[in-house]
Structures are given as structure tokens and as C-alpha cells.
Amino acid sequence: MPRPSRLPARALLALLILAVPVLAACGGSGLAEDPQAVLAEATLPPPGPNASKLSVEFTPGDAAPDAQGGTEDGPLGGLLGGPIQIEATSEGDAEAGVTGDAKITAGPANIALAFRANGDDTWLQVGDQWYGLGQPLGIDFAGLGGAIGPLDEVVIDPKATAVEDIEGVDCDRIDGRFNPAPGLTEQLQGAGEGLGLPLDLQGLAEAQAEISVWVSKDDGVVRRIQLRTDGTADQAAGGDITIDLTVVPAEVVEVTAPADARPITDLLISLLGDQLGGLGENLPDLGGLLDGLGGGGASA
């Protein structure tokens, strides 16, 4: 039986050399040619129903507890410490109905929550008990990305780095440095300090943060935004923060009021007790904050 012919070594090497530029061209052909234009033409996700995933990790500043067990920065300062992680998911839209869950990790503490909301009210579940907030959630998760400002203005030196799949959607990934819109840093700083979580956002204010934006190649809709200042600030000052938000289309969710829901004040009293009065004096204007984040009564 004749042996199969073999390609001479020199011929094989020549084929490999010729294949390199071809393969390189195929691998990079999908990258956006003009990342600045992609950002300028990108739009935020339309009103729901959407499915959202939000991840936040930050380091609060050091604060010594006072005689009442809180800190000079607020009564919650003594309850939270070390790196804090928040993982949350939601599905639906704020008007017709949205459901979600969240996990908050602060040092040794792990808190699991669930919530549901419609156009009439919002309910929060802690353990087996539901609590009613007495008003609609009034926040459009799909619009949260708009809080950072126009993408083509706040993303400096944008570069198209990849084409990636975001929950089944092919997206151009655009990386750059983040130049925050006027007032955003102060707004986040004030909210953190009001809750007893002093944050040093100097890296964010000085455009040292990195940002990645994923824009759908099909319709130009922003499907994911990641903002990070890791390594740009002093850990002890609470300067590192990472925010990652993904929003993709989802199904309609029907929400009904949970049975035997108690007022949210019952939960606050059980958690904070005598500190509740001091908390009220130190809380920021959350209504104004939600307005700035794309909520404050906006329907998804």
C-alpha cells in the first residue's frame, strides 16, 4: 500500500507564514472602525421589560465609632466595614411590575434581599417577612447608565478592543478613561458620607477611572457599562470602586402585593433601634439622587 505523500517542510512553513496575516485580518475585522462614532450614536436601553444585573464593590473610608456605636460620619458607619459588595438582579419594568433580588456583603455580614414593585407600591423581603415601602419604586433600571452623561463626552481616548457576547447579544466593546459629568462625583460623595460611608473619589474626579461600554452591533443599544477605579486610590481612604451594569430585553413580569406585608418602619426600628433618629438626620436627599440616576418616578 503506497504511503501518503507528505508536504515538504519548506512548503509547510511557507503556508503557515501566508496564513498569519489572513488569520489576523479575520480576527480583527469585526472591531468597530470608529469607536467615537459608536459611542456618539449609541442609545440607552428602551423602557422595559428588561433584565438587569448590577454589581457594585467599594471600600468605605476608615471611621472610628462614637459613644452611640456609630461614627462621626453617620450611624451606619459602625455597622458596615471593609470592602462592601452589592449584587442585584431585576426583571420587568417599574410601571407594570418588576421583581428582583440582592445580596449585600460587608465584612462578615451577608444580607440577602428580594423585592417586587409595580405602579402602586414597592415591597422588600428580609428573611421570610415582606415590608411595604408605601410608594412605587419609581426608578428605571434601564436608564441608570444615563447618569454618567453622554458617552461620547465622558469616555476619553476610546478604543475598540473586542466583539463580545452580552447575554446573547453581539456587542462592540469600547474601552477608555472616564471623565465624569459635572456634579456626578459630588453626588456620589455626598450620598456615601450621608450614610456613614466616606468615599475618596479623587481618582474618579481626576479622570483616572477606566470605563468599558458594550454597544449592540445590531441596533446600537448600550447593553453593559463597567466603571472601575481599582488601584487608583488609597485603600484606607476608601477610593476604589467598581460598578458593572448589564441591561438586556426580557419578558413582562406581573406583580401582586405580598400577603401580610408590614410597614418598612418596622424593619428599620428592629435593625437600628435608637439610632433611627440619627439616621434620618444624616440621610442624603435620596429622591434627588434617584432623579440624577435616571429614576425619581420614571417608568421603565
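Quickly run through the range 92-104 and pick out the residues that are at pLDDT 85 or above and surrounded by 16 or more Cβ atoms within 10 Å (Cβ to Cβ). Show your work before the answer.
Going residue by residue through the range 92-104, those that are at pLDDT 85 or above are 92-93, 97-104.
Answer for the range 92-104, where residues must be at pLDDT 85 or above and surrounded by 16 or more Cβ atoms within 10 Å (Cβ to Cβ): 92, 93, 97, 98, 99, 100, 102, 104.
Considering only the range 106-125, state which residues are surrounded by fewer than 16 Cβ atoms within 10 Å (Cβ to Cβ), at pLDDT below 90 and assigned to a strand (DSSP E or B). Reasoning before the result, please.
To start, the set of residues in the range 106-125 that are surrounded by fewer than 16 Cβ atoms within 10 Å (Cβ to Cβ) comprises 107-114, 119-120.
After this cut, where a residue has to be at pLDDT below 90 as well, the list is 107-111, 119-120.
Across the range 106-125, the qualifying residues are 109, 110, 111.
Residues checked against (1) free of Cβ contacts under 8 Å to residues at least 40 places away in the same chain; (2) loosely packed, with under 15 Cβ neighbours inside 10 Å; (3) closer than 17 Å to residue 34 by Cα; (4) of a type outside the set (A, V, I, L, M):
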position: 129; (1), (2), (3), (4): no, yes, no, yes
position: 134; (1), (2), (3), (4): no, yes, no, yes
position: 137; (1), (2), (3), (4): no, no, no, no
position: 142; (1), (2), (3), (4): no, no, no, no
position: 145; (1), (2), (3), (4): no, no, no, yes
position: 152; (1), (2), (3), (4): no, no, yes, yes
position: 155; (1), (2), (3), (4): no, no, yes, no
position: 158; (1), (2), (3), (4): no, no, yes, yes
position: 163; (1), (2), (3), (4): no, no, yes, no
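Would you check if residue 143 is of a type outside the set (A, V, I, L, M) and modelled with pLDDT of 90 or more? Reasoning before the result, please.
On the way: of a type outside the set (A, V, I, L, M): yes; modelled with pLDDT of 90 or more: no.
So residue 143 does not fit the description; no.
Please specify each residue of the range 165-174 satisfying the condition of being closer than 18 Å to residue 226 by Cβ and either over 19 Å from the mean Cα position of the chain (by Cα) or surrounded by fewer than 19 Cβ atoms within 10 Å (Cβ to Cβ) (or both).
Filtering the range 165-174 for residues closer than 18 Å to residue 226 by Cβ gives 165-167, 169-174.
Listed by number, the residues that qualify are 165, 166, 167, 170.
Determine whether the range 209-230 contains at least one residue that is at pLDDT below 60 and not in a strand (DSSP E or B). Quick ask: steps written out before the conclusion?
Here is the first cut: in the range 209-230, the residues at pLDDT below 60 are none.
Taking every residue of the range 209-230 in turn, none turns out to be at pLDDT below 60 and not in a strand (DSSP E or B).
The values are calculated or read from the model by the stated rules, or taken from the named source; none is laboratory data. Because the structure is predicted, anything quoted here is derived from the model rather than measured. Counting neighbours? That spans all protein chains shown, and the Cβs are built from the backbone with ideal geometry, glycine included.
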